[in-house]
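See below for the structure under consideration.
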Amino acid sequence: MTDVESPAYVAGHGLLKGRTAVVTAAAGAGIGGATARRFLEEGARVLISDAHTRRLKEYEALLAGEFGRRSVTAVPCDVTDEEQVRALFETAAAEHGRLDVVVNNAGLGGTAELADMTDEQWSRVLDVTLNGTFRCTRAALRLMRESGGGVIVNNASVVGWRAQAGQAHYAAAKAGVMALTRCAALEAAAYGVRVNAVSPSLAMHPHLVKVTSADLLVELTGREAFGRYAEPWEVANVIVFLASGYSSYMTGEVVAVSSQHA
């Protein structure tokens, strides 16, 4: 899609050493999988979750081979199912005694003109992307409130700021994630929890190529200041920053990982 070279991969610096993290939608491809790997490289213990059980287990095996079996655990979870969300966070608390970081990465897109969009299309995108983030944030806050601290990082999108044809449901959901982040941050500050979000534009991975036309990918890439799409690990680096002590005075912020702020 672009001839502009990506930067060199950045080595870990132990920024999350000893912390326990949950990352949703982390079955290998995309930002979730990249975030799980980056967290492991930074010294965290990571529970990865996803609704795609087979891919999740495969990625668990891959990461365990690199970082050790005690460092990574896979817990299947569909974020639209409250019982599965509860089980995910109960597992984190039971296995590690506390929960330090949660990355709400689960989201669902799709393209449909608003006049032709069905209730099912609208509701499905909102249920995964916004309601799923709500369910996981609520579960995380209940644990972190008891333990006295933690960090939540939500995955929003530049589409939550700017309009894109065919994306009314996705844009509404991501704008909702931004608003949820800001409101949760105000409530959570009282018990030492920070809540922030990243807002990426175009982070390339194999699944995106399968579901997006080549013409649209070229158009979206052309909007970027660097003339290229982001690598998923570049977004994950910003998530690491927000999860680490380097962002200790940041909460309620939505950080654009893109030149397309508006």
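The values are calculated or read from the model by the stated rules, or taken from the named source; none is laboratory data. Fair warning: this is a prediction, and the values are worked out from it, not measured in the lab. No Cβ is skipped: glycine too gets one built from the backbone with ideal geometry, and neighbour counts run over all protein chains shown. The area values use the complete protein model at the heavy-atom level, side chains included, leaving out ligands, DNA and RNA. Shrake-Rupley method; radii C 1.70, N 1.55, O 1.52, S 1.80 Å.
Determine the principal axes of the Cα atoms in region 133-196, then give the extent along each, sorted from largest to smallest and rounded to whole angstroms.
Principal extents (Cα only, largest first): 44, 17, 13 Å.
Using amide H atoms built 1.01 Å from N in the peptide plane, name the residues 5+ places from residue 195, or on other chains, whose amide H lies under 5 Å from its own.
Under 5 Å from the amide H of residue 195: 152, 252.
Excluding the sites themselves, what is the longest stretch of the chain that contains no GluC sites (Glu not before Pro) in a DSSP loop with at most 13 other C-beta atoms within 10 Å?
114-262
Hey, can you grab everything whose amide H is under 5 Å from the amide H of residue 73? Only 5+ residues off in sequence or another chain; H modelled, so Pro and N-termini drop out.
46, 47, 48
Could you pull the accessible area for residue 77 with a 1.4 Å probe, rounded to 10 Å²?
That residue has around 10 Å² of solvent-accessible surface.
Please report, in debye to the nearest 20, how large the charge dipole of the chain is about its Cα centre when each Lys and Arg carries +1 at its beta carbon and each Asp and Glu carries -1 there.
Once rounded to the nearest 20, the dipole reads 760 debye.
Rounded, prolate or oblate: which fits region 103-210 when a ≥ b ≥ c are the square roots of the eigenvalues of the alpha-carbon gyration tensor, with rounded for a/c under 1.5 and prolate only if a/b beats b/c?
prolate
Which distance in nm do the two modelled labels at residue 111 and residue 57 give, with both placed 7 Å along the Cα-to-Cβ direction?
Here the answer is 3.5 nm between the modelled labels.
Can you give me the accessible area per residue for the chain, using a 1.4 Å probe, in Å²?
Counting only protein heavy atoms, the per-residue value for the chain is 46 Å².
Quick one: which residues, 5+ away or cross-chain, put their amide H under 5 Å from the amide H of residue 103? H built at 1.01 Å from N.
Residues meeting the criterion, in which the H sits 1.01 Å from N, are 22, 23, 24, 153.
Determine the shape class of region 1-103: with a ≥ b ≥ c the square roots of the Cα gyration tensor eigenvalues, call it rounded for a/c under 1.5, and otherwise prolate if a/b is greater than b/c, oblate otherwise.
Oblate shape, in that a/c is at least 1.5 and b/c is the bigger or equal ratio.
Sum up the charges of everything whose Cβ sits under 12 Å from the Cβ of residue 239, counting Lys and Arg as +1 and Asp and Glu as -1, but leave residue 239 out.
0
Go ahead and estimate [θ] at 222 nm for the chain from helices alone: -39,500 (n - 2.57) per DSSP H run with n ≥ 4, summed, over the residue count, rounded to 500.
-13500 deg cm²/dmol
What percentage of the solvent-accessible surface of the chain, computed with a 1.4 Å probe over protein heavy atoms, is contributed by carbon and sulfur atoms?
Of all accessible area on the chain, carbon and sulfur atoms account for 53 percent.
With mean projected area of the Cα convex hull in nm² as the read-out, I listed (i) 13.3; (ii) 12.1; (iii) 21.6; which label goes with the value calculated from this structure?
Entry (i).
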